[in-house]
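K.L.:
Dumping the structure here so I can ask a few things about it.
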Amino acid sequence: MRGGSIAVVGGSIAGCAAALAASRGGAEKITVFERADARLRDRGVGIALHSDRYDELSDAGYVAPEMPWAPLTRRVWSVRDGEADHGRAIGEQPFPFRAYSWGSLWSELRRRVPEEVTYRSGAVVTGVEPDDDGVTLRLADGHQEHFDVVIGADGYRSVVREAMFPGTDATYAGYIGWRGTSSDVAGLPSDGHDAHNIVFPGGHCMLYRIPDGLGGELLNWVLYTAPPRADGLHPDLTRPTSLPPGRLNSELTAYLRALVADNFPPYWAARVLRTPAETTFIQPIYDLEVPHYTSGRMALVGDAASVARPHIGGGSVKALQDANALEAAWRAGDSWKEVLESYDAGRGPVGSAMVALARRMGSAQVENTPDWSAMDQPEFDVWWQDQNSGSDRRSGFGGHSIKAG
Ligand SMILES: Cc1cc2nc3c(=O)[nH]c(=O)nc-3n(C[C@H](O)[C@H](O)[C@H](O)COP(=O)(O)OP(=O)(O)OC[C@H]3O[C@@H](n4cnc5c(N)ncnc54)[C@H](O)[C@@H]3O)c2cc1C
């Protein structure tokens, strides 16, 4: 398949990768529509990529060594143990991940989008209208444009998905991720090469260093828990939404701070509690699956197609692999029908497997937590293995291999 006009809705990680895929696939005219203006691209949160998945994506040309990263080698799971500063480790596991900051990963991907691609910041798509030979996009500024194919890379609240499968929304998992970054990175145990997971009844908190994109490093953390369903504590999140800094209500913040003070080893509690309010925010956790990754002349990539709870550390990998699979289908197919059918057949099952694994991990690590404090390493290993063994017996932690599909 050569030629054709392609629109990519959303210009984040999945969107930049999809534009690259379309260009390599041979599309003639590619336009990316991104709602945010350039300033909003500066999010400092961490993204961890499994090293094996990185190697595959690097071979495929979607990531590159110049993207700043910090190596992680081991993950240590700890509980509070009285006043012991670092608590007590209940389990350790290999953790071969590369830690990125979202902003620098995105910037490098954006830089790789070829110059002939038109990237329109501040362009909001409000309508998606398919017909027999393509799709018309309507924009908030009143313009409309017709394309041969539209790729929805517009995240978990996708307007493209709504046009493909009306009413297929992300569903709230019942708990939140409270995230923060701070410059409080000096003196981390083992020079920061370990990721730390502080576990407590009803949740856990991952902490690891990330590059700040300016030659230094930041401490990145994300705490998952279900606040009690009391007034002011549990926001109404039945419809997909997010609560940026400043909109975090004071009752919820006070609840989370008390939870950290009571349940974290003192060393880690201090680091979370010292994080400035302006660099903390809340992301509700969602699940999303679609019946198909394509419909007519429309295709979905990244979080628009499926959202797996972040415990599996594989969302960005999946987004980049989706783009890579689209490129491969494009190169092999002789018609749009062939390209899109082959893409759907390849990626649909991977998306479903990741969502299922992430649900099991969310259940084990947040919704139905064990008595962590009674665990030792052998018990920890059995507990971890239980979450991993789905019906297909493949783990998928950190994302599935491209080769395995
Ligand atoms: C708490 C948390 C931790 C995570 N940790 C990890 C991790 O460690 N490792 C990992 O691999 N993944 C992680 N993920 C997942 C990862 O962030 C995403 O899966 C990945 O970034 C893919 O995002 P995306 O590009 O598909 O969607 P998004 O980043 O949501 O991008 C969608 C884009 O579309 C734009 N858009 C939306 N609607 C419109 C419209 N109508 N018109 C124009 N533009 C529009 C938006 O502005 C946005 O830029 C985590 C996620 C969460 C919530």
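The values are calculated or read from the model by the stated rules, or taken from the named source; none is laboratory data. Keep in mind it's a predicted model, so treat the numbers as computed, not measured. Note that each Cβ is placed from the backbone with ideal geometry, even for glycine, and that neighbours are counted across all protein chains shown. Accessible surface areas use protein heavy atoms only, side chains included; no ligands, DNA or RNA. Shrake-Rupley method; radii C 1.70, N 1.55, O 1.52, S 1.80 Å.
K.L.:
Could you please tell me which pairs satisfy a Cβ distance under 8 Å, a separation of 6+ or placement on different chains, a first residue in the range 380-405 that is more than 30 Å from residue 89 (Cα to Cα), and a second residue that is at pLDDT 85 or above and assigned to a loop (DSSP other than H, G, I, E, B)?
P.N.:
These pairs meet every condition: 402/60.
K.L.:
Could you pull out the residue among 299, 254, 304, 277 that is in contact with a strand residue (DSSP E or B) (Cβ under 6 Å, 6 or more places away or on another chain) and more than 9 Å from the ligand (Cβ to nearest atom)?
P.N.:
Being in contact with a strand residue (DSSP E or B) (Cβ under 6 Å, 6 or more places away or on another chain) and more than 9 Å from the ligand (Cβ to nearest atom) holds for just one of 299, 254, 304, 277, which is 299.
K.L.:
In this structure, does residue 353 turn out to be among the hydrophobic types (A, V, I, L, M, F, W, C) and under 25 Å from residue 58 (Cβ atoms)?
P.N.:
Taking the combined requirement at face value, the residue satisfies it.
K.L.:
Just wondering, is there one or more residues in the range 250-265 that are of a type outside the set (A, V, I, L, M, F, W, C), more than 18 Å from residue 226 (Cβ to Cβ) and under 25 Å from the mean Cα position of the chain (by Cα)?
P.N.:
Of the range 250-265, the ones of a type outside the set (A, V, I, L, M, F, W, C) are 250-251, 253, 255, 257, 262-263, 265.
Add one more test, that the residue is more than 18 Å from residue 226 (Cβ to Cβ), and what stays is 250, 265.
From what's left, under 25 Å from the mean Cα position of the chain (by Cα): none.
So far as the range 250-265 goes, no, none of its residues is of a type outside the set (A, V, I, L, M, F, W, C), more than 18 Å from residue 226 (Cβ to Cβ) and under 25 Å from the mean Cα position of the chain (by Cα).
K.L.:
So residue 106 clears everything in (1) within 21 Å of the chain's Cα centre (by Cα); (2) away from the ligand (no atom under 11 Å from the Cβ) except one condition, right? Which one?
P.N.:
(2)
K.L.:
Looking at (1) exposed (fewer than 14 other Cβ atoms within 10 Å of the Cβ); (2) of a type in the set (A, V, I, L, M, F, W, C); (3) under 21 Å from residue 9 (Cβ atoms), which is the one condition that is false for residue 125?
P.N.:
Failing condition for residue 125: (1).
Okay, residues lined up against (1) in a helix (DSSP H, G or I); (2) surrounded by fewer than 22 Cβ atoms within 10 Å (Cβ to Cβ); (3) of a type outside the set (A, V, I, L, M):
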{"site": "316", "(1), (2), (3)": "yes, no, yes"}
{"site": "320", "(1), (2), (3)": "yes, no, no"}
{"site": "323", "(1), (2), (3)": "yes, no, no"}
{"site": "331", "(1), (2), (3)": "yes, yes, yes"}
{"site": "349", "(1), (2), (3)": "yes, yes, yes"}
{"site": "363", "(1), (2), (3)": "yes, yes, yes"}
{"site": "380", "(1), (2), (3)": "yes, yes, yes"}
{"site": "398", "(1), (2), (3)": "no, yes, yes"}
{"site": "401", "(1), (2), (3)": "no, yes, yes"}
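K.L.:
Which of the residues belonging to the range 301-312 are of a type outside the set (S, T, N, Q) and more than 18 Å from residue 4 (Cβ to Cβ)?
P.N.:
Hits for the range 301-312 are 302, 303, 304, 305, 307, 308, 309, 310, 311, 312.
K.L.:
May I pose another question? Can you find a residue that is without any contact (Cβ under 8 Å) to a residue 24 or more places away in the chain and in the same structural domain as residue 314 (by TED's automatic domain parsing) anywhere in the range 100-120?
P.N.:
Yes, the range 100-120 has at least one match.
K.L.:
Only one of (1) away from the ligand (no atom under 16 Å from the Cβ); (2) at pLDDT below 75; (3) open to solvent by 50 Å² or more (accessible area, probe 1.4 Å); (4) not basic (Lys, Arg) is not met by residue 234, so which one is it?
P.N.:
Just one mismatch for residue 234, condition (3).
K.L.:
Can you pull out the residues in the range 122-142 that are β-branched (Val, Ile, Thr) and more than 10 Å from the ligand (Cβ to nearest atom)?
P.N.:
Correct list: 135, 136.
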